[in-house]
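Colleague: Sending over a structure as structure tokens; questions will come in a sec.
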Amino acid sequence: MKLTRVLLLSVLFITLFAVTAGAMPDVVWPGDGGNTSGLIVITKPPKDRSATFDRSYVISGYGKEGTVVAIYKLSGDVYVKTNYEWQIGASTYFAIPIELDSKKNILLCRAEDSSGQYQHAKLEITYLGSSLSDVVRNITVDATSIPY
């Protein structure tokens, strides 16, 4: 009976360890550049900086099948993992819709494959929503106040 419990606990521990071993970290330090390249290619934004009037934005590209892509947001001195994550399938394409919080969103796109190799891509997406387009959108005209 004791041997059965020890074996059961050992199998449970090994199973849980195997599941969490490949999990993305909750925090990434800004100096960490990754240990490989070529896992993903980001096509949107076309450069490492972009601006938009929309609060939602789609980060997209293509990469190695089975690679997990996660988005991190700069918070203080570290990048903190968000809920935005995608596993690249057979099509090799990925598209991660995110919500922008503030005017300047400094993000880290982390791609990690099953062997533990990972790649980082830093992005800066500026939300322009509170500028000219919002001002124009909120203009109202009262016809009764127009002089004849």
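Taken together, the values in this text are just the output of simple stated rules run on the coordinates, not laboratory data. For clarity, every value in this text was computed on a predicted model and none was experimentally measured. Here the Cβ positions follow ideal geometry from the backbone for every residue, glycine too, while neighbour counts run over all protein chains shown.
Colleague: Please give every one of the lysines within straight-line cross-link reach of K44, meaning a C-alpha to C-alpha distance under 28 Å, and leave out same-chain neighbours fewer than 8 residues apart.
Modeller: Excluding near neighbours in sequence, the set is K64, K73, K81, K103, K104, K122.
Colleague: What is the dipole size for the range 24-139, taken about its Cα centre, with +1 at each Lys and Arg Cβ and -1 at each Asp and Glu Cβ, in debye to the nearest 20?
Modeller: Dipole size: approximately 360 debye.
Colleague: Could you state the per residue volume, in Å³, of the convex hull enclosing the Cα atoms of the range 24-139? Intermediate values should be presented prior to the final figure.
Modeller: Working: hull volume 11.7 nm³, N = 116.
Hull volume over Cα atoms, normalised by residue count, gives 101 Å³.
Colleague: Which length gain, in nm to one decimal place, applies between A23 and A51 when the Cα-Cα distance is subtracted from 0.36 nm times their residue separation?
Modeller: Answer, rounded to one decimal: 7.0 nm.
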